[in-house]
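Working notes, beginning with the structure itself.
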């Protein structure tokens, strides 16, 4: 997926990660939003039976939006790791995002916030199902 | 469901009794529901299974996915009241306009979360269906740890009767033989050499073979003769099933399970 021009305008910094480097750690505080510029990243979740991969993201895909949309210091919902080769990640301008987000009406914000809640719940259920099936 | 307040034009307060459905997967509808009081279960319906997605309470919003998809799709999940609940329903015309006018980056983020959710829900459906199948296999005794193959060819010695399925007039005789081994795809039949003199045993011909399994289950099999070889005083016939109905498949499958 090519990188959306809308996203390009918000990139304020760029990082390179070697294979298997941790980009986001589950549970850590932080609400920066990222975009994959090159390569792939794996979204993993820690379970009592080890890590399970719940998603793989490629070029142009955004991640980190769960913690951002949820706000109020919510911890990261999953670990994101660089897959193979060199992975290039763009970091989006958080100040700008917060400014735009604050312009939304409370109802619209509530709708936006409901998405990450469901992502978190669904992630938990997937993990539970994967662990039960192991 | 009890309509409490009809005077408010944009938002209506509805009351749902415990167990009542709020909306159904695959329905059209763009309204957004806000839980004022109570508890709601959001779940997916997949191959007759209910796969829970989220249990939500006071202040949570449901039905927003279709709003973000701009109502062009059908509802991706169903919702049901888990206890008596009060829910505010809004037709989101104004909200839709506001959403359209908001920063494209935020819309993109919402879409990203939405796509992820849809992808994960499908994944969860698959996991739930797999799990259900496993449970059913376990119940049917089809689950075992040591062997991955479900069915085996079994050596047996079963007396049987067989006849040509479409016998020409005057040749509609039933002969005796014994099944020496049997699998889910075919069987090996041993017959006395003299049988050949009574009836033709041409490759390609279709026979009906009847036997009783050691567990006293009757088995009627429609088989095509695919191989014939002479041995001492008898003929060895290789047959494959021309058709196998569900009942026969089950009976046979159960019999062929490794001990």
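The values are calculated or read from the model by the stated rules, or taken from the named source; none is laboratory data. If you're wondering where the values come from, they're calculated on a predicted model, not measured in any experiment. So basically every Cβ, Gly included, is an ideal-geometry build from the backbone, and we count neighbours across all protein chains shown.
With B:106, B:95, B:68 as the choices, which residue is within 8 Å of chain A (Cβ to nearest Cβ), under 30 Å from residue A:102 (Cα atoms) and in contact (Cβ under 8 Å) with a residue 60 or more places away in the chain? Exactly one of B:106, B:95, B:68 is within 8 Å of chain A (Cβ to nearest Cβ), under 30 Å from residue A:102 (Cα atoms) and in contact (Cβ under 8 Å) with a residue 60 or more places away in the chain, namely B:95.
Residue A:65: within 18 Å of the chain's Cα centre (by Cα) and modelled with pLDDT of 85 or more, yes or no?
Working: within 18 Å of the chain's Cα centre (by Cα): yes; modelled with pLDDT of 85 or more: yes.
For residue A:65, the condition - within 18 Å of the chain's Cα centre (by Cα) and modelled with pLDDT of 85 or more - is met.
One residue alone among B:131, B:73 is free of Cβ contacts under 8 Å to residues at least 12 places away in the same chain, away from chain A (no Cβ under 13 Å) and either outside any helix (DSSP H, G or I) or closer than 21 Å to residue A:124 by Cβ (or both), and that residue is B:73. Of the residues making up the stretch B:9-56, those that are without any contact (Cβ under 8 Å) to a residue 24 or more places away in the chain and either part of a loop (DSSP other than H, G, I, E, B) or away from chain A (no Cβ under 13 Å) (or both) are B:9, B:48.
Kindly list the number of the only condition in (1) at pLDDT below 80; (2) assigned to a loop (DSSP other than H, G, I, E, B) that fails for residue B:173. With respect to (1) at pLDDT below 80; (2) assigned to a loop (DSSP other than H, G, I, E, B), residue B:173 is out only on (1).
Just one of the numbered conditions (1) in contact with a strand residue (DSSP E or B) (Cβ under 7 Å, 6 or more places away or on another chain); (2) crowded, with 19+ Cβ neighbours inside 10 Å; (3) part of a helix (DSSP H, G or I) is not true of residue B:106: (1). Among the residues of the stretch B:180-219, those that are surrounded by 12 or more Cβ atoms within 10 Å (Cβ to Cβ), in contact with a helix residue (DSSP H, G or I) (Cβ under 9 Å, 6 or more places away or on another chain) and not in a loop (DSSP other than H, G, I, E, B) comprise B:182, B:219.
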